[in-house]
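Undergrad: Could you have a look at this structure, given as structure tokens, before my questions?
Every number here is computed from the coordinates shown, using simple stated rules; none is lab data. None of these values were measured; they are calculated from a predicted model. With ideal geometry, Cβ positions are generated from the backbone for all residues, glycine too; neighbour counts draw on all protein chains shown.
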Amino acid sequence: MYPPGGPRQPELDFEQIIAGLRTNFSKITGRLGGGGVGLAAVLIIGLIAVIWAASGVYTISPGEQAALRLFGAAQQPPVSETGLHWWWPGPVGKNDVFLVNQVRRMELGFRSGDGVADASVPDEALMISGDLNIVDVRMVVQYDIGNLIDFLFRVDDPGEPDRNIPPGQPDGLTLKDASESALRLVVGQRSIGDVLAEKRLQIETATKERLQEILDSYNTGINVISVALQNVQAPEEVRAAFNDVLQARQDKVTAVNQAQAYENQVEPEARGQAEQIIQPAAAFKEARIARAKGEALRFTSVLTEYRKSKDVTRQRLYLEAMEDILPVITKIIVSPDAETVLILGGGGGTNRLIPVPVGPSPQP
């Protein structure tokens, strides 16, 4: 029903084997005579049975699995243990060996070739975005086989000759249509700006999730590894205008990033300068508050003592004030009976003694 994708076992030509056996049988019967015909027939039948049973031996290499069928019915689960195995040979049974972990590739919207420029496929690439603009989207889907039984027997696909996909495998037209449907659905929900540049990663993620949901609903057995947008651009007629728009958006992003970098540089410096001003001001504030509290406490204590003894407190305050005032001023002491004048220097000056001349009293 489905050709295997892995190594094939050589098919036996039973007609050639039977013809050879007939020739050998004729020779044997000619030598043995009529009595040996029965024994020769038994030997030939046994040999045929051994050869038929031996044709059921198959090999599984690393990364391969074998889907077994008995009278056309698929057997669950597939065989994945590496080494030699045996299963009923045809026409009773059949084994299909596939390399399941091989990463396969499907191109949507274009076709690539060895040494040839990518050829666009407009029927697949052109689609309408959410803001009713036409956009050219090219995508690559990478996948492998997640469930070999579903991959071989659940979906009857016509195949895809462009990618050498034979009929019967769901990674042909089924995978292509599902991928195109998922991509058109995701692109149709977003603006052309998101598709062209801004949200390509989100579009790839959403398309991969949607495609896997569709394939799982069909029981295709395909596991989507990645979805990558290769070339997303506006149609040729308006491509220059869209390129200008994209350039303007990139310039905008560049300017915003530069402004953000300048902000990140200037703001810490301004905060540091502000802290240099705030901290001395806060210290000065605390000192003034502490000084004011101390002076207020001192005044309160003096007031309390003054109320207890007004005369003594007043005299003490006067003396304390004189102790603060007199040392910093110049004092002149003159006695009517003295012949000298005593000058006491203030502010750390020296004391001087100046003689006063004695003479007749001035006339009135």
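Undergrad: Would you mind computing, in nm to one decimal, how far apart the modelled labels at residue 118 and residue 306 are, each placed 7 Å from Cα along Cα→Cβ?
TA: Result for the modelled spin labels: 9.6 nm.
Undergrad: Whose amide H sits under 5 Å from the amide H of residue 146, counting only residues 5 or more places off or on another chain, with H placed in the peptide plane?
TA: For residue 146, whose amide H was placed from the backbone, the distant partners under 5 Å are 222, 223.
Undergrad: Apply 1/(1 + (r/R0)^6) to the Cβ-Cβ distance of residue 85 and residue 154, taking R0 = 30 Å, and write down the FRET efficiency to the nearest 0.05.
TA: Values: r = 23 Å, r/R0 = 0.78.
The pair residue 85/residue 154 has a calculated efficiency of 0.80.
Undergrad: Right, something else. Under a cut-off of 26 Å between alpha-carbon atoms, report the lysines in cross-link reach of residue 199, not counting same-chain residues fewer than 8 places apart.
TA: Partners within reach: 176, 208, 252.
Undergrad: Can you classify the range 64-221 as rounded, prolate or oblate using the Cα gyration tensor, where a ≥ b ≥ c are the square roots of its eigenvalues, rounded means a/c under 1.5, and otherwise it's prolate if a/b beats b/c and oblate if not?
TA: It is prolate, given that a/c is not under 1.5 and a/b is the larger ratio.
Undergrad: Any idea what log10 I(q)/I(0) is at q = 0.09, 0.11, 0.22 Å⁻¹ for the range 138-270, Debye with uniform C-alpha scatterers and no solvent?
TA: Values, matching the q order: -0.41, -0.55, -1.22.
Undergrad: Further question: Compute the length gained on full extension between residue 75 and residue 134: take 0.36 nm times their separation in residues and subtract their Cα-Cα distance, giving the result in nm to one decimal.
TA: Numbers: separation 59, 0.36 × 59 = 21.24 nm, distance 4.82 nm.
Full extension from residue 75 to residue 134 adds 16.4 nm.
Undergrad: Length gain on complete extension for the stretch residue 226 to residue 39, per 0.36 nm per residue less the alpha carbon to alpha carbon distance? Mind showing how you got there, number by number?
TA: Working: separation 187, 0.36 × 187 = 67.32 nm, distance 6.42 nm.
Length gained, residue 226 through residue 39: 60.9 nm.
Undergrad: Can you run phi through the Karplus equation (6.51, -1.76, 1.60; θ = phi - 60°) for the range 122-130 and list ³J(HN,Hα) in whole Hz, with x for Gly and Pro?
TA: With coefficients 6.51, -1.76 and 1.60, one gets x, 4, 9, 7, 7, 8, 9, 7, x Hz.
Undergrad: Follow-up question, since we're still on this one. At a Förster radius of 35 Å, what calculated FRET efficiency corresponds to the Cβ-Cβ distance of residue 209 and residue 237, to the nearest 0.05? Don't jump to the answer; show the numbers that get you there.
TA: Values: r = 33 Å, r/R0 = 0.94.
E between residue 209 and residue 237, to the nearest 0.05, is 0.60.
Undergrad: FRET efficiency for residue 285 and residue 324, Cβ-Cβ distance as r, R0 = 25 Å, nearest 0.05? Numbers along the way, then the final one.
TA: Numbers: r = 28 Å, r/R0 = 1.11.
The pair residue 285/residue 324 has a calculated efficiency of 0.35.
Undergrad: Hey, can you rank 231-237, 316-322, 193-199 by average C-beta count inside 10 Å, highest first?
TA: Ranked by mean Cβ neighbours within 10 Å, highest first: 193-199, 231-237, 316-322.
Undergrad: Show me the ranking of peptides 51-63, 201-213 by mean Cβ neighbours inside 10 Å, starting with the highest.
TA: Numbers: 51-63: 14.5, 201-213: 17.2.
My ranking of the peptides, most packed first, is 201-213, 51-63.
Undergrad: Oh, and also: If amide H atoms are built 1.01 Å from N in the plane of the peptide, which residues on other chains or at least 5 residues away come under 5 Å of the amide H of residue 190?
TA: For residue 190, the qualifying residues are 130.
Undergrad: Taking 2.2 N^0.38 Å as the expected size of a compact globular protein, what ratio does the Cα radius of gyration of the range 130-194 give against it, to two decimals?
TA: Compactness ratio reported: 1.38.
Undergrad: How many angstrom lie between the Cα centre of the range 140-161 and the Cα centre of the range 290-336?
TA: 107
Undergrad: Loop only by DSSP, 12 or fewer other Cβ within 10 Å of the Cβ. Give me the GluC sites (Glu not before Pro) in the range 47-115 that pass, ordered by residue number.
TA: Values: sites: 64, 81, 107; in loops: 81.
Sites meeting the loop and neighbour criteria: 81.
Undergrad: Continuing with the same structure: Which whole-Hz couplings ³J(HN,Hα) result when phi for each residue of the range 58-72 is put into the Karplus expression 6.51 cos²θ - 1.76 cosθ + 1.60, θ = phi - 60°, listed in order with x for Gly and Pro?
TA: 3J(HN,Hα) across the range 58-72, in whole Hz: 9, 10, 10, 8, x, x, 9, 9, 10, 9, 9, 10, 10, 6, x.
Undergrad: Oh, and also: Against the empirical 2.2 N^0.38 Å scaling, what ratio does the C-alpha Rg of the range 237-308 come to?
TA: Values: Rg = 30.5 Å, N = 72, 2.2 N^0.38 = 11.2 Å.
Rg over 2.2 N^0.38 Å, computed on Cα atoms: 2.73.
Undergrad: When we measure straight from the Cα of residue 285, which lysines land under 22 angstrom away, once same-chain ones fewer than 8 places off are left out?
TA: 293
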